[in-house]
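Heads up: the structure comes next, in structure tokens.
The values are calculated or read from the model by the stated rules, or taken from the named source; none is laboratory data. Fair warning: this is a prediction, and the values are worked out from it, not measured in the lab. Cβ placement follows ideal geometry from the backbone for every residue including glycine, while neighbour counts extend to all protein chains displayed. Surface areas here come from the heavy atoms of the whole protein model, side chains and all, with no ligands, DNA or RNA. Shrake-Rupley method; radii C 1.70, N 1.55, O 1.52, S 1.80 Å.
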Amino acid sequence: MTKAFVVGHPIKHSRSPLIHGHWLNAYGLDGTYERIDVAPVDFGDFLTGFHAQGFAGGNVTLPHKEAAFLGVGRRTERAQRVGAVNTLWVEDGVLWGDNTDALGFIGNLDATLGTGWEQDVDTALVLGAGGAARAVVAGLQDRPLKRIFVANRTGSKAEDLARDLRPGSSVLIETAAWEALARVIPHAQLIVNTTSLGMAGQPPLAIDLSRAPRSAVVADIVYVPLETPLLTAAAAQNLRVVDGLGMLLHQAVPGFRRWFGVTPEVTPELRALILADLETAR
Ligand code: ATR
């Protein structure tokens, strides 16, 4: 039997057990995926000890993603770029870390828009400069875009992100002032919200989409609510929209493949299952 986990603090709200449990069931695999609550002071011991306790690996969530980044023996190039680790496994005795949020974001765009969507996107605008923004930029960098603008309320964080992700990038990474978004929006065929604005209990992300290109895609990584005020505004302008739930589902794929040896599919059934759970939690 293969055992995997999601570790965080707190951990009870994580949807990952539902996602991986669904796949274990669907593919008839002999495995488990469990929630483990580990306080920050104990995380180092957990990291070095989980394999001896019979776990093949697992996911890492708040607040441990940076500690996992620092604590692993080796990282994928993608995790290196993002500066955070959310997926762990052991290979030839070495503890490895990856960041699958970047793949999750891109995998969801591929699934929602159809592969080749990037042919219509030469400029992307990423709003926010936290961990989620780093993953989104790192994902977009793997596609043949011309440039990515990063805009954040605190401009210095956008500068830091750009500086960290520029080395080796074939896509130009530029920063844009939060107050000057109106000048960038008309050039952006892909607009992505990675800020917490629009999340239940938070103010909406109020940006004017009326001058966005008609072909623009607006993506939100917030998934509670699923249709954020930003996506409502985009749909009202007849722009294509990509909601945040898909990224959550797609980021789980690489880990499952790694631990259980099967590439799982993100199906409408899985999406409905998680949506129903989000509804009951409200
Ligand atoms: P995560 O790791 O999930 O990306 P985070 O690091 O807390 O979370 O980042 C939250 C993002 O939302 C940041 O870009 C933050 O902007 P600041 O860096 O200026 O704090 C952005 N954000 C949060 N509240 C905001 C608000 N009221 N207006 C604009 N941006 C906001």
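How much length is gained on full extension from Arg214 to Ala39, taking 0.36 nm per residue of separation minus their Cα-Cα distance? Let's see the in-between values first.
Numbers: separation 175, 0.36 × 175 = 63.00 nm, distance 4.76 nm.
Answer, rounded to one decimal: 58.2 nm.
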Using alpha-carbon positions, the gyration tensor of the stretch 103-244 gives root eigenvalues a ≥ b ≥ c; with a/c under 1.5 called rounded, otherwise prolate if a/b exceeds b/c, else oblate, the class is rounded
Using 18 Å as the cut-off for backbone N distance, which residues of the stretch 1-31 belong to the label zone defined by a point 7 Å from the Cα of Val224 along Cα→Cβ? 6-20
Averaged per residue, the 1.4 Å probe accessible area of the stretch 1-63, protein heavy atoms only, in Å², is roughly 50
In Å and on Cα atoms, what radius of gyration and Dmax does the stretch 1-91 show? 12.9, 37
For the stretch 39-93 versus the stretch 172-218, the gap between their alpha-carbon centres in whole angstrom: 33
In Å, descending, principal axis extents of the Cα set of the stretch 41-185: 54, 34, 25
In straight Cα distance, which aspartates and glutamates are under 20 Å from Lys65, not counting same-chain residues fewer than 8 positions off? Glu34, Asp37, Asp42, Asp45, Glu77, Glu91, Asp98, Asp101, Asp160, Asp164
Taking only the Cα positions of the chain, the convex hull volume per residue in Å³ is 130
Using 7 Å Cα-to-Cβ label points, what is the Arg166/His51 separation (nm, one decimal)? 3.8
With labels modelled as points extended 7 Å from the Cα through the Cβ direction, what inter-label distance (nm, one decimal) is found for Thr2 paired with Ala200? 3.3
Mind giving me the nanometre distance, one decimal, between the label points for Glu265 and Thr232, set 7 Å out from Cα along Cα→Cβ? 3.5
Quick check for you: with a 1.4 Å probe and neighbouring chains kept, what is the accessible area per residue of the stretch 103-244, in Å²? 44
Helix-only mean residue ellipticity at 222 nm for the chain, each DSSP H run of n ≥ 4 adding -39500 (n - 2.57), per residue, nearest 500: -10500 deg cm²/dmol
Computed lengthening from Ala272 to Val90, 0.36 nm per intervening residue step minus Cα-Cα distance: 62.3 nm
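Carbon and sulfur atoms: what percent of the 1.4 Å accessible area of the chain do they account for?
Answer for the chain: carbon and sulfur cover 51 percent of the accessible area.
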